[in-house]
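Structure first, commentary second.
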Amino acid sequence: MAEDRPFARFDPSRRQLLIGSAALAAGIGLPLSAQARPAAPVSFSHAAHAPHAGARTMTTFTTKDGTEIHYKDWGNGPVVVFSHGWPLNADSWEAQMFHLASNGYRCIAHDRRGHGRSSQPWHGNEMDTYADDLAQLLDHLDVKDIALFGFSTGGGEVARYIGRHGTRRVAKAGLISAVPPLMLKTAANPGGLPIEVFDGLRAASIADRSQLYIDVASGPFFGFNRPGAKKSQGMIDAFWMQGMMAGHKNAYDCIKAFSETDFTEDLKKFDVPTLILHGDDDQIVPIDAAARAAAKLVRNHKLVIYPGAPHGLADTHKEQLNADLLAFLKA
């Protein structure tokens, strides 16, 4: 793969399915902090040890169309809600949830329909329904003044949620390595990725999705294909495991959802302080067509760029991200 071409066409006949890599707009993995700035030790707040702090851990609720959504609910205090990337689940946010819940926040993260431990419905695997599922979860829990963070595909879910449901429950938002405004290359979006990239991803998913998840995690997602990169087998295994927990049809449909949905109008409706954070070596969701373009549409935003960071920075730069999220919440 040429260093200046972050994505290459998928070739399911080769084991490198994703080393050239295609917009896997997704999720995260496990810790690796070689490039992260030092962080202060976690301080466990009194709120995290309140007598009823262990009463909520994991549970489910059922949407109006009968889909069972699994969610994690940790800690006590101001509420932070997380939306994960493709093809992963709520576990991909565990480093951030642990850190923030340990510092006095109530952290909630759901498995998107068709992913993780949630139901695997045949239909509804698109952004409008994802956003409506999120709205029903927030209504079910009746949480208010929340901070709503979305990673990669989850950033699209957050954008569509605000576009469809507004910010009645939202005080702050965050788009982390997120896909908005639009990943697909069009006449109006020349900086996007060609449809062939996503067609190749679909073909690779049909051919051998287990190998696909190994290849994306072993290569561009965490930047392990870069010269001198130190691979973490644990991160690779965690990505693969979470990916294989997703329903095959659900993960397949989600490729269209994250790549072809235009969030331009949704971003224009953001009216709360918004953190837009991205790595400038993101080979999955290129920064120019994503964070830098989103920053032109979101009014009250703070753009933070991590030099040299890959797409999966929630793991490779977890200490830095944890500190920046905490600072944003306290600001």
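So which residues in the stretch 61-108 are assigned to a helix (DSSP H, G or I), within 22 Å of GLY243 (Cα to Cα) and open to solvent by less than 10 Å² (accessible area, probe 1.4 Å), if there are any at all?
Going through the stretch 61-108, the residues assigned to a helix (DSSP H, G or I) turn out to be 90-101.
Filter again for within 22 Å of GLY243 (Cα to Cα), leaving 90-98.
Scanning the stretch 61-108 gives ALA90, SER92, TRP93, GLN96, MET97.
Out of the stretch 284-324, which residues are under 17 Å from the mean Cα position of the chain (by Cα), in contact (Cβ under 8 Å) with a residue 40 or more places away in the chain and assigned to a loop (DSSP other than H, G, I, E, B)?
ILE284, VAL285, PRO286, ALA289, ALA290, ALA309, PRO310, HIS311, GLY312, HIS317
For the stretch 269-283, which positions are closer than 24 Å to PHE239 by Cβ and part of a loop (DSSP other than H, G, I, E, B)?
ASP280, ASP281, ASP282, GLN283
Would you check which residues across the stretch 202-245 are open to solvent by 50 Å² or more (accessible area, probe 1.4 Å) and over 30 Å from PRO307 (Cα atoms) and list them?
Residues satisfying the conditions are ILE206, ALA207, ASP208, MET244, MET245.
With (1) buried (at least 17 other Cβ atoms within 10 Å of the Cβ); (2) over 24 Å from ALA95 (Cα atoms) as the list, and HIS248 as the residue in question, which single condition is left unmet?
Condition (1) is where HIS248 drops out.
It is to be established whether one or more residues within the stretch 177-195 are more than 17 Å from VAL285 (Cα to Cα), buried (at least 22 other Cβ atoms within 10 Å of the Cβ) and either touching a Cys at 6+ places or on another chain (Cβ under 9 Å) or in contact (Cβ under 8 Å) with a residue 24 or more places away in the chain (or both). Outline the logic, then answer.
Step one: list which residues in the stretch 177-195 are more than 17 Å from VAL285 (Cα to Cα), which gives 187-188.
In the following step, the residues that additionally are buried (at least 22 other Cβ atoms within 10 Å of the Cβ) were identified as none.
Scanning the stretch 177-195 turns up no residue that is more than 17 Å from VAL285 (Cα to Cα), buried (at least 22 other Cβ atoms within 10 Å of the Cβ) and either touching a Cys at 6+ places or on another chain (Cβ under 9 Å) or in contact (Cβ under 8 Å) with a residue 24 or more places away in the chain (or both).
Residue check: is ASP280 open to solvent by 70 Å² or more (accessible area, probe 1.4 Å) and either touching a His at 6+ places or on another chain (Cβ under 6 Å) or within 30 Å of HIS165 (Cβ to Cβ) (or both)?
Against the criterion (open to solvent by 70 Å² or more (accessible area, probe 1.4 Å) and either touching a His at 6+ places or on another chain (Cβ under 6 Å) or within 30 Å of HIS165 (Cβ to Cβ) (or both)), ASP280 does not qualify.
List the number of the failed condition for GLN136; all other conditions in (1) assigned to a loop (DSSP other than H, G, I, E, B); (2) open to solvent by 10 Å² or more (accessible area, probe 1.4 Å) hold.
Unmet for GLN136, out of (1) assigned to a loop (DSSP other than H, G, I, E, B); (2) open to solvent by 10 Å² or more (accessible area, probe 1.4 Å): (1).
Only one residue in ARG117, ARG113 is in a loop (DSSP other than H, G, I, E, B), touching a strand residue (DSSP E or B) at 6+ places or on another chain (Cβ under 8 Å) and open to solvent by less than 10 Å² (accessible area, probe 1.4 Å). Which one?
ARG113
Cβ-Cβ below 6 Å, separation at least six or inter-chain, first residue in the stretch 243-257 and among the polar types (S, T, N, Q), second open to solvent by 60 Å² or more (accessible area, probe 1.4 Å): which pairs?
Final answer for the pair search is ASN250/GLN120.
The values are calculated or read from the model by the stated rules, or taken from the named source; none is laboratory data. Just so we're clear, the structure is a prediction, and the values are computed from it rather than from any experiment. Reconstructed Cβ throughout: ideal geometry from the backbone, glycine too, with neighbour counts over all protein chains shown. Side chains are part of the model used for accessible areas, which takes the heavy atoms of the whole protein and leaves out ligands, DNA and RNA. Shrake-Rupley method; radii C 1.70, N 1.55, O 1.52, S 1.80 Å.
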